[in-house]
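Working notes, beginning with the structure itself.
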Amino acid sequence: MSNNRSFIAAAVQLRPQQSLQQNLAAAGALIEQAAEAGSRLVVLPENFAYLGRKDLTEVGLAEQSTGPAYEFLAKQAQRHSLWLVGGTVPVSDANLSRPFARSWLFDPQGDLVQHYDKIHLFDVDVPTSKEGILQQATYRESDDYRSAATVVVAETDPCRLGMSVCYDLRFAELFRQLADADAQVVAVPAAFTAATGRDHWELLLRARAVENQLFVIGANMVDRDHPRRGLWGGSAIVDPWGNVLARVDDEAGVAIAEINLDRLDEIRAKMPVAQHRKLAL
């Protein structure tokens, strides 16, 4: 690292496995790889532990504070002494019929210091093509999850970290609020579909980085050829100028890059977009 305003960050890309234990083992191996490369901040994908599970209310109740995914994340952060964004995990309240998609942030001591509940839920009809035949895939995330309404920027040792999840990436106003709250880096855990990710995933990561002049870390699930729920992958770390500093294509792996906050300050000083905004419009 060139100075104390630079640090190494990592976006972990995972392929869904057949069981919770296999998912956690795969995540653990890649977190270790990121740690060995010197990462101080690691971001896991959305629903990295429970993708495909139907019993989300039961899972969410179990994961309130002492479930297997929670314990795994806390131990990984402590073991490797790093800041860990735990993708998302279903988390329920006893009084709620559906869980939140919750992104936990653990500090290097393994303590939970912040969480963000996904605001925008993926209720869409996506055109797909199978063997040249145009089809439609329907997603109704609100059938399984509750939406939230709180914007979160967390103070970490390396940076001020904005938190978002997957479909949030399409809503520029959320990222503007994160920038207005002095976020320097935004984490985007995701399970972006293959049908939309091919054209939109990296485009949106770069757009949010450029228009808000911040670093964006997109950590995605991958399984492009799955017949029902293809996942794009393409995890990437993007700088405030829109440059892709690191990416993973269509395999499990880790995108690792240096985050230099002096570069962010330089871009904001030379092109003071925030000062030029016409708020009356």
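The table below lists the values:
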{"item": "Test: residue in segment 220-237 that is in a loop (DSSP other than H, G, I, E, B), over 28 Å from Arg102 (Cβ atoms) and at pLDDT 95 or above", "result": "no"}
{"item": "Index of the failed condition, Ala9 passing every other in (1) among the small types (Gly, Ala, Ser); (2) touching a residue at least 40 places away in the same chain (Cβ under 8 Å); (3) farther than 26 Å from Gly234 by Cα", "result": "(3)"}
{"item": "Pick from segment 195-218, criterion open to solvent by 10 Å² or more (accessible area, probe 1.4 Å) and among the aliphatic types (A, V, I, L, M), ranking: nearest to Trp241 (Cα to Cα)", "result": "Val210"}
{"item": "Residue in segment 219-234 that is farthest from the chain's Cα centre (by Cα), counting only those that are surrounded by fewer than 24 Cβ atoms within 10 Å (Cβ to Cβ) and not small (Gly, Ala, Ser)", "result": "Pro227"}
{"item": "Residue check, Phe106 in contact with a helix residue (DSSP H, G or I) (Cβ under 7 Å, 6 or more places away or on another chain), surrounded by 15 or more Cβ atoms within 10 Å (Cβ to Cβ), of a type outside the set (Val, Ile, Thr) and over 22 Å from Asp199 (Cβ atoms)", "result": "yes"}
{"item": "Single condition Ile8 does not satisfy, out of (1) in a helix (DSSP H, G or I); (2) open to solvent by 10 Å² or more (accessible area, probe 1.4 Å); (3) touching a Gly at 6+ places or on another chain (Cβ under 6 Å)", "result": "(1)"}
{"item": "Residue match in segment 176-187 (condition: more than 16 Å from the chain's Cα centre (by Cα), of a type in the set (Val, Ile, Thr) and modelled with pLDDT of 95 or more)", "result": "no"}
{"item": "Filtered residues of segment 218-255 (kept if within 13 Å of Leu51 (Cβ to Cβ) and among the polar types (S, T, N, Q))", "result": "Asn220"}
{"item": "Qualifying residues in segment 89-103 (those that are polar (S, T, N, Q) and either open to solvent by 10 Å² or more (accessible area, probe 1.4 Å) or not in a strand (DSSP E or B) (or both)) - the one farthest from Arg53 (Cα to Cα)", "result": "Asn95"}
{"item": "Thr150 being assigned to a strand (DSSP E or B) and in contact with a strand residue (DSSP E or B) (Cβ under 8 Å, 6 or more places away or on another chain)", "result": "no"}
{"item": "Number of positions in segment 27-62 that are assigned to a loop (DSSP other than H, G, I, E, B) and either farther than 24 Å from Ser81 by Cβ or free of Cβ contacts under 8 Å to residues at least 12 places away in the same chain (or both)", "result": "8"}
{"item": "Residue in segment 147-166 that is polar (S, T, N, Q), open to solvent by 70 Å² or more (accessible area, probe 1.4 Å) and out of contact with any Cys (no Cβ under 6 Å at 6 or more places or on another chain) present", "result": "yes"}
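The values are calculated or read from the model by the stated rules, or taken from the named source; none is laboratory data. Computed from a predicted model, the values in this text were never measured in an experiment. Here the Cβ is made from the backbone with ideal geometry for all residues, glycine too, and neighbour counts use every protein chain on show. Side chains included, ligands, DNA and RNA excluded: accessible areas come from the protein's heavy atoms. Shrake-Rupley method; radii C 1.70, N 1.55, O 1.52, S 1.80 Å.
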